Amino acid sequence: MDWRRAKSVLIIAFLLLNALLGYQLWTEWRAQLNSSVDRTSLPAVTRQIMQEKKIRIDSTIPAGTPSMRDLSFLLKQPSSGKNGRTPIASPPETRVVFNPKELADALSGVIPEIGKYAYDNAGSREGVFVLNRMNDGYPMFDIHLELYNSDQKIRAYRQDVIQILTSEGSTAQQVLPASKAVATLIDKNQLPAGSAIKDIRLGYHGQFFDTDEQLSAPSWRVLLESGEVYYVHAISGEVDTGKGPSTVHPAESK
């Protein structure tokens, strides 16, 4: 064996590997840079309030400002069973929740329309995986599929099933920047001192009324490390603390 040649081949292979890893790190860094706003983009008065009240942002601030419209939908009959939960006869492993395809394959015959829901890591809690109904790539924060798990198994589920209606009478409008939504919460003293923002996400939010047709508006969800949630209307900038009727689970509003 020609050890000199083998050594040269190994050196070249390592150099190529390092170059590949370096390129991957660079592309990930560039993607992260393009998808978030630097905290220095917040107004000076907002940053001052943050410093005084020891408020920190542990999440990236999304940069996109797409055009969105109000969303109308009908709330169908929710899952039946004890506490609104439907038991799963042959529970799959909980790990499938992190892979949409595996999750759909494992539970498509059990949970209707499961492919229309997406995992909400920030909104989930111990023992419950929370998925949100999606519409055009955006989550509906009030329409859930909850997967109750224990001993590494999904034991039961609770689901809000809806029918989305056409939005012919609604006009699409450009949403407010996430940085402005966060600044609104801080400037209006909505956040308690010492708060830590762990997630900022754009989606739909609304209150449930005793009518067949429900309405959900484009909203920025700001989730704190403490579990408190705030919604900022992505068009008007109005703040909803999430403590009103909108926090009532649809299954409980019937």
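Scan around Ser219 for amide H atoms under 5 Å from its own, H built in the peptide plane at 1.01 Å from N, and keep only partners 5 or more places away or cross-chain.
Gly203, Tyr204, His205, Ala234
Amide H to amide H, which residues 5 or more places from Arg155 or on other chains are under 5 Å from it, using H placed in the peptide plane?
Tyr148, Asn149, Ser150
Among 209-220, 133-144, what's the highest-first ranking by average C-beta atoms within 10 angstrom per residue?
133-144, 209-220
Can you list the HN-Hα couplings for segment 220-237, worked out from phi with the Karplus curve (6.51, -1.76, 1.60; θ = phi - 60°), rounded to whole Hz and with x for Gly and Pro?
Working through the residues one at a time gives 8, 9, 10, 10, 8, 4, 6, x, 5, 10, 10, 10, 10, 4, 6, 10, 8, x Hz.
Nearest 0.05, what FRET efficiency do Val45 and Ala89 give at R0 = 45 Å with Cβ-Cβ as r?
Efficiency, rounded to the nearest 0.05: 0.20.
Taking H placed 1.01 Å from N in the peptide plane, check which residues at least 5 places from Ile162 or on another chain put their amide H under 5 Å from its amide H.
Amide H neighbours of Ile162, under 5 Å, 5+ apart: Lys76.
Checking the cross-link filter: which aspartates and glutamates have an alpha carbon closer than 16 Å to that of Lys188, excluding same-chain neighbours under 8 positions apart?
Hits, sequence-local ones excluded: Glu52, Glu238, Asp240.
Give a residue-ordered list of calculated ³J(HN,Hα) values for segment 116-133 (Karplus: 6.51 cos²θ - 1.76 cosθ + 1.60, θ = phi - 60°; whole Hz; x for Gly, Pro).
Ordered by residue, 3J(HN,Hα) equals 8, 10, 10, 5, 10, 4, 5, x, 7, 9, 4, x, 9, 8, 10, 10, 10, 5 Hz.
Which of the pairs Lys153/Lys198; Lys116/Lys198; Lys53/Lys76 have their Cα atoms more than 32 Å apart in this structure?
Flagged as over cut-off: Lys53/Lys76.
Rule-based calculations on the coordinates, nothing more; no lab input. Since this is a predicted model, take the numbers as computed values, not measurements. Cβ atoms come from the backbone with ideal geometry, glycine included; neighbour counts cover every protein chain shown.
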